[in-house]
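**Student:** Take this structure, written in structure tokens, and hold onto it; I'll ask about it next.
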Amino acid sequence: MSTALGIVGFLGLMAFGIVQLAAGFAGIEHGLGSFWAWAALIAAVPFRFTLPITIGAFFGAMNVWGWHWALAALFTAPGLLLVIPGVLASLLSLVKR
């Protein structure tokens, strides 16, 4: 059972990564042109330099796909769902001291 869950999780993360690459490519192509979109994709895949694709994914989801900026931010950096409550809890613990 755990092997099946691992395979499903892996395939889900791969699909999510491919969709993020597509959104990043679309966002960079929309804003800067096709040459820079291909350059960012080439930099992202073999060199693991994903910052341009991450920024492009935000603008691709927001400007090309028409998403609200908050949904585009959560799509681009889903870890924000965990970071924001952690920061708020830390601030709250500082205020209570």
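**Student:** Does region 56-64 contain at least one residue that is of a type in the set (A, V, I, L, M) and surrounded by fewer than 13 Cβ atoms within 10 Å (Cβ to Cβ)?
**Tutor:** No - not one qualifying residue is present in region 56-64.
**Student:** Then there is this: Filter the helices (runs of 4 or more DSSP H) completely within region 39-97 down to those with at least 3 residues that are touching a residue at least 12 places away in the same chain (Cβ under 8 Å).
**Tutor:** 51-59, 69-76
**Student:** So A4 passes all but one of these: (1) surrounded by 14 or more Cβ atoms within 10 Å (Cβ to Cβ); (2) small (G, A, S); (3) over 15 Å from A77 (Cα atoms). Which condition number does it fail?
**Tutor:** The number of the failed condition is (1).
Throughout, read-outs are computed from the coordinates displayed, never taken from laboratory work. Source: prediction; values computed, not measured. Reconstructed Cβ throughout: ideal geometry from the backbone, glycine too, with neighbour counts over all protein chains shown.
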